[in-house]
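Here the structure is laid out as structure tokens; the discussion comes afterwards.
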Amino acid sequence: MKYFLSKNFMMGASAAAWQTEGWEGKKPGQESLIDAAYKVNPDRWYEGYGPTIATDFYHRYKEDCKLMKEMGLKAYRTSIDWSRFIKNYETGEVNEDAAAFYDGVVDELIKNGVEPIICLEHWELPNQLFEKYGGWNSKEVVEFYVKYAEAAFKLLGSKVKYWFTFNEPIVFPELAIMDGIWYPYKSDTQEAMQWNYNKVLANAKAVKIYHEKDYGYQSGGKIGIIINAAPSYPRSQSTDDVKAADMYDLFFNKIYTDPCIKGTFPEIYFPLLKKHDCMIAVTDEELAIIQANTIDMMGLNYYRPNRVKARSAAWNPEVKFNPQYYYENYELQGKKMNPFRGWEIYAKGLYDFAMILKNEYNNIPWLVTENGMGVAGEEKHKDADGVIQDDYRIDFVADHLRWLLKAVEEGSQCFGYLMWNFTDNVSPYNAFKNRYGYIEIDLDDNRNRRIKKSGYWFKKTVEDGYFEYDGFEPVYK
Ligand code: GCO
């Protein structure tokens, strides 16, 4: 079956500064928090790889921009590394070398016909601000972020028309502050919720500046936030399972989608934090800023569905509150899996969330800013010419795209699809274990780039304006 793409549907790919650039040009003290996470425990990163060199985008961005043109990319989303871009984090003084680098990247993208989409914080919080102020637990860091954001708008606002304030803002609070999985391995739910709230506040303050000052908004520029949201499916329609799914939805989607799109937090949120002795620092003035400065567009990073059920065992009263107090994860019998990442594949979930944005969030314009399939051992799928035959990735992308186009037909204002990712790059902790790219990064050959079969599929799809999908089931080795 043929699926047609409208001419102005933004087909592209995504990446991030810390996952591609490498540390070249960054001086001691300019580490980001995720750089520090690698420095502290390189042993916990797959085969010891981390952000040190990454894909060496810092030196090879012109080569990559040419590959984007060759593949017909219409847009490329990446981030500015805050810890690199700003020389004095308290004053917001810009590092001129970094400014020249990012200016050059944006110019190269535009020169190659690729729309630059820039995210301001893709987990690149300066580690100095974490160590000195406690990171996003601090209201001062919110102010430092706003100074950084305005400096970025000032430098690039005349060329960049699509801005995002954060990428997956919940991930560090969840994995590093609440659940102790990532560095700094904390287990403090209240602090995690303060990180989340302060990022929502920082988003609103950056939106306010972008909307009120002349950095491109008046000539059609848009600003939003990228959220790794997904539908929250209950095991059954029983009251207890549905309540579990609603609570998961609250703590992992709505504490961002509601304030950033609607301007207000869910009514039950702050009372719940109080009930569980987790209330955070909130002021009426801050809530007024959040209400008055909502986003123009949303970025959705969708990989997998969230499936939950009611808890069978009561939460241990000796253990501090965690949203898992209200739910347990639920494994769908017979689900389609990506065995390399351990994530369920459920393309209809993208349609379902598109309908949520249409029906519950004022049909806000949005982009798929990440969707993709990480696979380990891709070298096993090389043909005689050394081209990785990633039919599984073509199937994954086509399946998700066909569901997305169904949502667009039904009125969803999705205006583009950016796959994660353009070239293979460094995942948090998994490093180069799972490869996501349309383009291979050959670690055994000077990080040389080689277009995969999916990259040629992308090129043809954009040229033809359509793709075929028959739902074939790839065989995973
Ligand atoms: C993984 C992926 C993700 C992406 C992230 C970028 O978990 O395997 O690499 O972590 O890097 O979604 O925003």
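The values are calculated or read from the model by the stated rules, or taken from the named source; none is laboratory data. For clarity, every value in this text was computed on a predicted model and none was experimentally measured. We place every Cβ from the backbone using ideal geometry, glycine too, and count neighbours over all the protein chains shown. Quick note on the areas: whole protein, heavy atoms, side chains included, nothing else; ligands and nucleic acids left out. Shrake-Rupley method; radii C 1.70, N 1.55, O 1.52, S 1.80 Å.
Taking K and R as +1 and D and E as -1, what net charge do the other residues with C-beta under 15 Å from the C-beta of Ala354 add up to?
Numbers: positive: Lys348, Lys358, Arg402, Lys406; negative: Asp352, Glu360, Glu370, Asp399, Glu409, Glu410.
Here the count lands on -2.
Once you have the Cα-Cα distance between His59 and Glu410, take 0.36 nm times their residue separation minus that, and quote the gain in nm to one decimal.
Values: separation 351, 0.36 × 351 = 126.36 nm, distance 4.36 nm.
Roughly 122.0 nm would be gained on extension.
Would you mind counting up the charge near His122? Only other residues with Cβ under 10 Å from its Cβ, with Lys and Arg at +1 and Asp and Glu at -1.
-3
How much FRET efficiency would the formula 1/(1 + (r/R0)^6) give for Lys460 and Asp277, where r is the Cβ-Cβ distance and R0 is 51 Å, rounded to 0.05?
On the way: r = 57 Å, r/R0 = 1.11.
The computed FRET efficiency comes out at 0.35.
What whole-number value in Å² describes the accessible area per residue of the range 2-476 for a 1.4 Å probe?
Working: 18020 Å² over 475 residues.
Solvent-accessible surface per residue comes out at 38 Å².
Can you pull out the chymotrypsin sites (Phe, Trp or Tyr not before Pro) in the range 279-326 that DSSP calls coil and that have at most 16 other Cβ atoms within 10 Å? Spell out each step's value before the answer.
Working: sites: Tyr302, Tyr303, Trp315, Phe321, Tyr325, Tyr326; in loops: Tyr302, Tyr303, Trp315, Phe321, Tyr326.
Of the chymotrypsin sites (Phe, Trp or Tyr not before Pro), the ones in loops of the range 279-326 whose Cβ has at most 16 other Cβ atoms within 10 Å are Trp315.
If Lys and Arg each add +1 and Asp and Glu each add -1, what is the summed charge of the other residues whose beta carbon sits under 13 Å from the beta carbon of Ile289?
Values: positive: Lys139, Lys205, Lys208; negative: Glu143, Glu212, Asp284, Glu285, Glu286.
Taking every Cβ under 13 Å from that of Ile289, the sum is -2.
Which of the GluC sites (Glu not before Pro) across the range 241-338 are loop residues per DSSP, with 11 or fewer other Cβ within 10 Å?
Working: sites: Glu267, Glu285, Glu286, Glu318, Glu328, Glu331; in loops: Glu267, Glu318, Glu331.
Passing both the DSSP loop test and the Cβ count: Glu267, Glu318, Glu331.
Is the C-alpha gyration tensor of the range 350-446 telling us rounded, prolate or oblate? Criteria: a/c under 1.5 is rounded; beyond that, a/b larger than b/c is prolate, otherwise oblate. Spell out each step's value before the answer.
Values: a/c = 3.35, a/b = 2.25, b/c = 1.49.
Note, shape of the range 350-446 comes out prolate.
Please report the spacing between the Cα centers of the range 118-181 and the range 358-382 in Å, no decimals.
22 Å
Just in the range 337-443: which GluC sites (Glu not before Pro) are loop by DSSP and have at most 15 other Cβ atoms within 10 Å? Could the numbers behind the result be given before it?
Values: sites: Glu344, Glu360, Glu370, Glu378, Glu379, Glu409, Glu410, Glu440; in loops: Glu410.
Filter output for the range 337-443: Glu410.
With labels modelled as points extended 7 Å from the Cα through the Cβ direction, what inter-label distance (nm, one decimal) is found for Glu331 paired with Asn8?
Result for the modelled spin labels: 4.7 nm.
To the nearest 20 Debye, how big is the dipole of the range 2-476 about its Cα centre, given +1 on the beta carbon of each Lys and Arg and -1 on that of each Asp and Glu?
On the way: 57 positive and 70 negative charges, 119 e Å.
Charge dipole, the range 2-476, about its Cα centre: 580 debye, nearest 20.
If you project the alpha carbons of the chain onto their three principal axes, what span does each projection cover, largest first, in Å?
62, 55, 47
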